[in-house]
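This report refers to the structure that appears directly beneath it.
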Amino acid sequence: MSTVTKGEEFGPLEVTVTRANLVRYAGASLDFNPIHWNERFAHEVGLPDVIAHGMLTMAFAGSLVTDWAGDPGKVLEYGVRFTRPVPVPDDADGATVTFTGKVSEVSEGSPAIAKVLITAKCQGQTVLGKAVARVAVD
């Protein structure tokens with residue numbers, strides 16, 4: 001990673017989430033909550049459709065940062081708040097989530113630490129809040 005400066009922006013990372021992704025993630029995470037696969041159940045509990053797992057959305061946002069950092073080991077801290085679900089329609093197109101990052105501050109020191117603010121949007125709406133990573137930079 002070259003010199004990092006305050007205000008630097010990176011991305012976007014556009015991810016298409018399909019129902020097939022949800023099935024695979026459910027199997028890997030053992031999260032078989034019916035809101036992630038049963039449309040009838042999702043509607044009964046007030047959701048607009050089956051929704052993506054929050055941790056899957058968080059993982060995609062994390063990959064934006066690790067790709068930018070060039071080394072997952074440089075990510076020292078990472079957290080988000082789940083502010084809005086990602087509805088995933090039952091079609092071939094799925095849902096597109098767009099992730100971007102912006103360096104909001106860079107500390108002095110060795111290594112310098114960059115505070116990265118992550119934006120995640122689906123259908124023009126923010127789906128992750130307070131998405132922040134702290135990354136060791138050279």
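From the list Thr66, Thr57, which residue is among the polar types (S, T, N, Q) and over 25 Å from Ala112 (Cβ atoms)?
Thr57
Confirm whether Lys121 is assigned to a strand (DSSP E or B), within 13 Å of the chain's Cα centre (by Cα) and not small (Gly, Ala, Ser). Yes; evaluated as a whole, the condition is true for this residue.
If only residues of region 52-88 that are in contact with a helix residue (DSSP H, G or I) (Cβ under 7 Å, 6 or more places away or on another chain) and touching a residue at least 60 places away in the same chain (Cβ under 8 Å) are counted, the one that is farthest from Gln123 (Cα to Cα) is Val75. Checked against the criterion of being among the aromatic types (Phe, Trp, Tyr) and surrounded by 12 or more Cβ atoms within 10 Å (Cβ to Cβ), the candidates Phe32, Phe60 yield just one match: Phe60. Taking every residue in region 33-51 that is more than 12 Å from Pro89 (Cα to Cα) and pairing it with any residue that is among the aromatic types (Phe, Trp, Tyr), at least 6 positions away or on another chain, the pairs with Cβ-Cβ distances below 8 Å are Pro34/Phe41; Ile35/Phe41. Here Lys115 passes the criteria (1) without any contact (Cβ under 8 Å) to a residue 40 or more places away in the chain; (2) over 18 Å from Gly11 (Cα atoms); (3) part of a strand (DSSP E or B) except the one numbered (2).
Bear in mind these aren't lab numbers, they're just calculated from the coordinates by the rules spelled out. Keep in mind that what you see is a predicted model, and the values were worked out from it rather than measured. Because the Cβ atoms are built from the backbone with ideal geometry, glycine has one as well, and the counts that use them run over all protein chains shown.
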